[in-house]
Amino acid sequence: MADVQKYETDVAIIGAGGAGICAGIEALDAGARVTAFELGAEPGGAAIMSGGGCMVVGSPLQTEQGIEDNPDLAFKDWMQWGGASADAVWARYYIEHSLHDLYHWAEEQGVKWVMVRQQEGNSVGRWHRADLGGAGLMSRLIYAFRAKGGEIVCNADIAKINQSNRRITGAEGADTDTGAKIEVSARTVLVAAGGFASNVDMVLKYRPELADDKILEGSGPGSTGNGAALVETLGGYLTHMDQIWFYVYATPDHLDPKERHGLAFRMAPGYIWVNAQGKRFHNEALSGGNSASPALLAQSPRHAWAIMDAPILAGLEIADPYYKDGVDVDVAKHAALYADSPYVHSAGTMAELAGLIGVEGAAFTDTVDRYNDAFDQGLEAEPEFGKPLAMSKKFDTPPYYAMQIFPLARKNFGGIKTDIRCRVLDKHFEPIDGLYAAGEAAGMAGGHINGGAGLEGTMLGPSLFSGRVAGGWAAAEAGHGDGFEGKANRG
Ligand SMILES: Cc1cc2nc3c(=O)[nH]c(=O)nc-3n(C[C@H](O)[C@H](O)[C@H](O)COP(=O)(O)OP(=O)(O)OC[C@H]3O[C@@H](n4cnc5c(N)ncnc54)[C@H](O)[C@@H]3O)c2cc1C
């Protein structure tokens, strides 16, 4: 019989990613004992793979760059972009606390913020990137968590949360390495198990209208929706589950036997996208989840081809660890992808390329000719969709390439419904004693903080912040500290 690993703690955290680690730091600071259980072989989750960008309002970096921002402007942008389904209370709470309780707090843990950028939907630049992106951010937070005495148990697949007399008592699961049973006794349990964008079956469950199309999985390996499933079994309420954030700049990973894993790419401002009818349908310079994704999802069928010539392809980067050699691009692996993937075609002429990808030749070459014509006329933007041409070039250097792109599920904007203390709510909106949820499992914070669209930096940022809130209150319920107490931006 396999061994049993027993743990006894104040706050048991399921998932040692962005939200889980921040929750742990907060609970440790309150004096609680904390054990985090992590499915993967290493902590970090999707957060460690992320761009490390957080939306922050009123930062010193903004001031340095002469950016004038304030919580009211940010809130207006947020609600306009996210629409009626954005949670105004959580959005306001996050925005008002992003400066002290995220930006400066992260600095106290060793994180360095290095740049600020304006993303689609924002009136000003407020997307702040941590040094070395998600890897830099999370390695510092994990270090801080461990330095404060936090324990991380890796290869731990938590499969059940235990409850007795309507109170949470702990959790159980198994060690994925040894098969040993894991039994956890805890005063409070905090679900920070991430999202479900790497589980295409779950994506299609909530978006059945996409079932006939190829949808790619685009989050971390642990983003399979475990957290939502664990909480649903206990009567926890899931909300806004159909609000899923897609990107379009991704092609299937032909090395994945199921070809579900998506490879996102970047650094190709020169490409155009053509649909199955051989026509462009969007200004490719607007590549965000609230601009390019609806445009691709409106095509029939819902895929397109990224068209490039040789120099444009040479600048392309596949944003996936397999295609990197340290921090550099692995050129040989990129070349192997272009040669071997059934989703990439090349030809000496555009007419020949049209034949290979099965689009109507005259429509396709006409599309390319009209685009090229804009360069011949010296235009600043091409007239059809208004794509600015400064970063682009004419298609004139064969071979020409077509890479097939499909919607990539990257993040989910719905999840476990919680109150402002991150207590999990049941369908009557009553808290379940001892149970907390934060991060993407809780739609980034509270259940649906973003609504239908995110301003960017509004996934990782609220995941880290809601982790802190959940950790503070979970520790308090376990008998340590007075709960999360933040400092408002303008306080
Ligand atoms: C490539 C990429 C880039 C991104 N860039 C940005 C960005 O720049 N800005 C932004 O705002 N957002 C970004 N995001 C989104 C952001 O990273 C996530 O929303 C955020 O990390 C969510 O944090 P989390 O703690 O909820 O989940 P995670 O960080 O994914 O952590 C959840 C952890 O729970 C573990 N887990 C799951 N199930 C179990 C179980 N049953 N038992 C034990 N452990 C379990 C998982 O293995 C995982 O480690 C990006 C996402 C990706 C994939």
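The values are calculated or read from the model by the stated rules, or taken from the named source; none is laboratory data. If you're wondering where the values come from, they're calculated on a predicted model, not measured in any experiment. As a convention, Cβ positions derive from the backbone with ideal geometry for all residues, glycine included, and neighbour counts pool all protein chains shown. Calculation scope for accessible area: heavy atoms of the full protein, side chains included, ligands and nucleic acids excluded. Shrake-Rupley method; radii C 1.70, N 1.55, O 1.52, S 1.80 Å.
Residues that are assigned to a helix (DSSP H, G or I), within 16 Å of the ligand (Cβ to nearest atom) and touching a residue at least 12 places away in the same chain (Cβ under 8 Å) were ranked within the range 201-224; the one that is nearest to Ala319 (Cα to Cα) is Val203. Residues in the range 68-88 that are of a type in the set (A, V, I, L, M, F, W, C) and over 19 Å from the mean Cα position of the chain (by Cα): Leu73, Ala74, Phe75, Met79, Ala84, Ala88.
Looking across the range 163-200, the residues that are within 15 Å of the ligand (Cβ to nearest atom), part of a strand (DSSP E or B) and open to solvent by 30 Å² or more (accessible area, probe 1.4 Å) come down to Glu172, Ala174, Lys181, Glu183.
Residues that are open to solvent by less than 10 Å² (accessible area, probe 1.4 Å) and either more than 7 Å from the ligand (Cβ to nearest atom) or in contact with a Ser or Thr (Cβ under 6 Å, 6 or more places away or on another chain) (or both) within the range 35-47 comprise Thr35, Ala36, listed in sequence order. Can you say whether Thr251 is under 19 Å from Val344 (Cβ atoms), at pLDDT 95 or above, open to solvent by less than 30 Å² (accessible area, probe 1.4 Å) and among the polar types (S, T, N, Q), as far as the supplied structure shows? Yes: the conditions hold for Thr251. For the range 345-362, the condition of being open to solvent by 20 Å² or more (accessible area, probe 1.4 Å) and at positive phi holds for at least one residue. Among the residues making up the range 140-156, those that are within 13 Å of the ligand (Cβ to nearest atom) and touching a helix residue (DSSP H, G or I) at 6+ places or on another chain (Cβ under 8 Å) are Leu141, Ile142, Phe145, Ile152.
From Ala298, Ala336, which residue is free of Cβ contacts under 8 Å to residues at least 40 places away in the same chain and open to solvent by less than 50 Å² (accessible area, probe 1.4 Å)? Write out each step before concluding.
Numbers: Ala298 fails: open to solvent by less than 50 Å² (accessible area, probe 1.4 Å).
Criteria check complete, one pass: Ala336.
For the structure I just gave you, tell me whether Glu485 is open to solvent by 10 Å² or more (accessible area, probe 1.4 Å), assigned by TED's automatic domain parsing to the domain that holds Trp127 and either under 21 Å from the mean Cα position of the chain (by Cα) or away from the ligand (no atom under 16 Å from the Cβ) (or both). Taking the combined requirement at face value, the residue does not satisfy it.
Filtered by the rule that a residue be assigned to a helix (DSSP H, G or I), out of contact with any Phe, Trp or Tyr (no Cβ under 7 Å at 6 or more places or on another chain) and within 21 Å of Ser219 (Cα to Cα), the range 312-355 gives Pro321, Tyr322, Tyr323, Leu337.
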